[in-house]
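Encoded as structure tokens, the structure appears first; notes follow it.
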Amino acid sequence: MTSKFDNMFVEDLPKVEEQLQEVRNGLLSWVALSYEGRSRDTIKVIGTGRNDVDEFTHLFEEEKAVYVLFRTLAGDAESHRVKFVFILWRGDSIPMMQRAMLYHHKT
């Protein structure tokens, strides 16, 4: 089921919200979203994982735009803090209208 969310459509919004919450809670390390085919306004989950960056870099293709929320630990030997990293991958071959909407949708 596709739901309208702000300025875009999200495929299976409850699932997306649940997976984002799992990243926040430490059950997942990352969640990746991308556009449905050549759509410029429908987003869907394309992957999740519990490991490091190497687990999702294969999703970065020249014809895709990918949003990733990644959870990591930072600090020194005495203290560790959770940090969240937002990654926006923009392949060089994505459609022009998708490219135009990327920065609008990241908010």
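The values are calculated or read from the model by the stated rules, or taken from the named source; none is laboratory data. All values derive from a computational prediction rather than experimental measurement. Keep in mind that these areas ignore ligands, DNA and RNA; they rest on the heavy atoms of the full protein, side chains included. Shrake-Rupley method; radii C 1.70, N 1.55, O 1.52, S 1.80 Å.
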Here the stretch 32-46 yields Karplus 3J(HN,Hα) values (6.51, -1.76, 1.60; θ = phi - 60°; whole Hz; Gly and Pro given as x) of 10, 10, 8, 6, 6, x, 9, 4, 10, 9, 10, 10, 9, 6, 10
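Mean residue ellipticity at 222 nm from the helices of the chain, using -39,500 (n - 2.57) per DSSP H segment of n ≥ 4 over the full residue count, to the nearest 500 deg cm²/dmol? Before the final figure, lay out each step's value.
Working: 2 runs with 23 residues, N = 107.
Mean residue ellipticity, 222 nm, calculated: -6500 deg cm²/dmol.
Leaving out ligands and nucleic acids, note down the accessible area per residue over the chain with a 1.4 angstrom probe, in whole Å².
Working: 6690 Å² over 107 residues.
Value for the chain: 63 Å² per residue.
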From the list [x] 47, 30, 21; [y] 61, 31, 20; [z] 41, 36, 31, can you say which value of Cα extents along the principal axes in Å was derived from the structure given? [x]
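Accessible area of the chain with a 1.4 Å probe: how many percent of it is carbon plus sulfur? List each step's numbers first, then the result.
On the way: 3400 of 6690 Å².
Taking all protein chains in place, the chain shows 51 percent carbon and sulfur surface.
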Solvent-accessible area of VAL82, probe 1.4 Å, all protein chains present, reported in Å² to the nearest ten, please. 60
